[in-house]
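Trainee: I'd like to ask you about the structure that follows.
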Amino acid sequence: MNRTDVFRQLIGDRTRAPAKSTGRGVAPANIALCKYWGKRDDALNLPVTASLSISLGPLGTETEVSVSPAGDTVTLNGASVPADAPFARRLLSYLEDALGPERPRLQVATRNSIPTAAGLASSASGFAALVRALDDLFDWRLDHRSLSILARLGSGSAARSLFHGFVEWHAGARADGMDSFAERLPVEWPDFRVGLLTVSAKPKEIGSRDAMKRTVRTSPLYAAWPEKVAADLETVRDAIAARDFDALGRAAESNALTMHATSLGAWPPVLFWLPESVERMRQVWSRRADGWPVYFTMDAGPNLKLIFLARHEASVAAAFPDLAVVAPFGG
Ligand code: PMV
């Protein structure tokens with residue numbers, strides 16, 4: 001089974017005649033509190049475990065897809081991207097698999113309000129916004145579950161970027177992945193805050209795709225991961241339901257550190273941290289020792305994401321002056 005097969009199952013051949021000249025889609029970035037790390041199927045981005053994230057409200061991607069008889073073009077934040085650049089290649093290969101060889105040529109204009117490839121999940125909001133734009137262009141009117149499945153085919157974590165708030169992506173068990181989609185948890189937590197601490201905005205040395213593959217294949221520590229996720233997921237779900245911020249923070253931080261530990265056990269080793277990342281972690285720990293409820297999580301890059309509550313926003317922002325604070329529920 002490949003991703004073209006999944007597209008045919010969900011949209012058939014409704015890929016040739018756009019319903020309008022331009023389709024639009026927006027999607028939030030998301031930060032996993034319980035990580036997706038490791039695939040059971042590389043072609044369909046089917047995960048070994050479930051995962052759970054918080055979406056970043058207004059931060060994310062806005063995409064316009066327009067019919068372009070002259071040929072395919074790609075722009076990112078207003079600048080044209082050469083067709084052989086990794087960003088365009090990944091996007092065009094997705095369109096090819098999704099829409100087939102007889103598809104109309106398209107102009108894809110993407111705007112990110114987060115740094116691309118800085119470990120802030122821009123591919124997640126990118127593919128979620130693209131799927132929404134295609135749904136609009138072709139007037140597919142797909143339900144949320146199908147949109148989440150199609151976004152997953154572009155980037156695993158994109159399955160979660162279809163939704164705002166807390167989102168759980170079910171691992172699923174089927175070979176065709178029709179049961180591997182994300183859903184929003186029915187929870188509002190207006191005081192919840194995420195702080196983005198950018199240590200380096202440079203593109204990372206190794207992408208999440210290769211890093212997770214190498215970890216699954218070579219790290220003896222990966223065997224412990226599914227059990228760790230199962231326990232953390234339960235804790236995170238319960239903590240969200242009970243608004244128990246400390247229980248949530250502990251589980252999220254421990255989950256992220258364990259993910260990074262599995263990568264360190266890979267060969268060649270995968271280490272996403274820079275010296276400044278470790279410095280920042282220690283800073284968070286020393287704030288916590290002073291009694292502040294602030295925790296961090298990290299993805300496949302050197303940057304930290306802090307989580308805390310509105311009543312500590314002023315003090316956390318003062319301690320981390322370059323922090324970009326997001327209120328996922330509008331605050
Ligand atoms: O969706 P991908 O292939 O970029 O993988 C994302 C992996 C992590 O960001 C490290 C974890 C996650 O769940 O988002």
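Nothing in this text is a laboratory measurement; each read-out follows from the coordinates by a stated rule. As the structure is a prediction and not an experimental result, all values here were calculated from the model. All Cβ positions, glycine included, derive from the backbone under ideal geometry; neighbour counts span all protein chains shown.
Trainee: With N denoting the number of residues in region 1-143, provide Rg(C-alpha) divided by 2.2 N^0.38 Å, to two decimal places. Display every interim value, and only then the final one.
Mentor: On the way: Rg = 15.2 Å, N = 143, 2.2 N^0.38 = 14.5 Å.
Dividing the Cα radius of gyration by 2.2 N^0.38 Å gives 1.05.
Trainee: Would you list, by chain and number, the lysines whose Cα falls below 19 Å from the Cα of residue 20, excluding same-chain residues fewer than 8 positions away?
Mentor: Output for residue 20: empty list, no partners.
Trainee: Net charge within 12 Å of residue 295 by Cβ-Cβ distance, Lys/Arg positive one each and Asp/Glu negative one each, not counting residue 295 itself?
Mentor: Working: positive: 193, 250, 287, 288, 305; negative: 246, 253.
Around residue 295, the charge tally is +3.
Trainee: Report the Cα-based extents of region 164-223 along its three principal axes, largest first, to the nearest Å.
Mentor: Projected onto its principal axes, the Cα set of region 164-223 covers 41, 39, 21 Å.
Trainee: For helix 208-218, report the angle its Cα long axis makes with the longest principal axis of the Cα atoms of the chain; keep it between 0 and 90° and round to the nearest 10°.
Mentor: 70 degrees
Trainee: Counting pairwise Cα distances across region 27-69, what percent come out greater than 17 angstrom? Present the calculation step by step, with values, prior to reporting the outcome.
Mentor: Numbers: 496 of 903 pairs.
Considering region 27-69, 55 percent of its Cα-Cα pairs are separated by more than 17 Å.
Trainee: Through the Karplus equation 6.51 cos²θ - 1.76 cosθ + 1.60, θ set to phi - 60°, convert the phi angles of region 246-253 into ³J(HN,Hα) values in whole Hz; use x for Gly and Pro.
Mentor: The phi angles translate into 5, 4, 5, x, 4, 5, 5, 5 Hz.
Trainee: Follow-up. Report, in listed order, any pair from 35/213; 39/305; 213/305 with a Cα-Cα distance greater than 19 Å.
Mentor: Numbers: 35/213 15 Å; 39/305 24 Å; 213/305 24 Å.
Correct reply: 39/305; 213/305.
Trainee: Which number comes out as Rg/Rh for region 1-62 once both Rg and the Kirkwood Rh are worked out on C-alpha atoms? Can you show the working numbers first?
Mentor: Numbers: Rg = 15.8 Å, Rh = 14.7 Å.
Rounded to two decimals, Rg/Rh equals 1.07.
Trainee: Oh, and also: What is the gain in length, in nm to one decimal, between residue 9 and residue 26 on full extension, counting 0.36 nm per residue of separation less the C-alpha to C-alpha distance?
Mentor: Details: separation 17, 0.36 × 17 = 6.12 nm, distance 2.43 nm.
Roughly 3.7 nm would be gained on extension.
Trainee: Okay, next question. Could you tell me the convex hull volume per residue, in Å³, taken over the Cα atoms of region 202-246?
Mentor: Enclosed volume per residue, from the Cα hull, is 123 Å³.
Trainee: Now for a separate question. With no solvent and one equal point scatterer placed on each C-alpha of region 153-292, evaluate the Debye formula and give log10 I(q)/I(0) for q = 0.15 Å⁻¹, two decimals.
Mentor: Computed log10 I(q)/I(0) values: -1.02.
Trainee: When the convex hull of the Cα atoms of the chain is projected onto a plane and the area is averaged over all directions, what value comes out in nm²? Walk me through the numbers on the way to the answer.
Mentor: On the way: hull surface 64.4 nm².
With every direction weighted equally, the projected area is 16.1 nm².
Trainee: For residue 282 and residue 16, what is the calculated FRET efficiency with R₀ set at 51 Å and r taken between the beta-carbons, to the nearest 0.05?
Mentor: Values: r = 56 Å, r/R0 = 1.10.
Efficiency, from the Cβ-Cβ distance: 0.35.
Trainee: Taking 0.36 nm per residue of separation and subtracting the Cα-Cα distance, what length does fully extending residue 257 through residue 314 add?
Mentor: Details: separation 57, 0.36 × 57 = 20.52 nm, distance 2.63 nm.
Taking 0.36 nm per residue and subtracting the Cα distance, the gain is 17.9 nm.
Trainee: Moving to a separate point now. Nearest 10 degrees, 0 to 90: what angle lies between the long axis of helix 225-242 and the longest principal axis of the chain (Cα atoms)?
Mentor: 80 degrees
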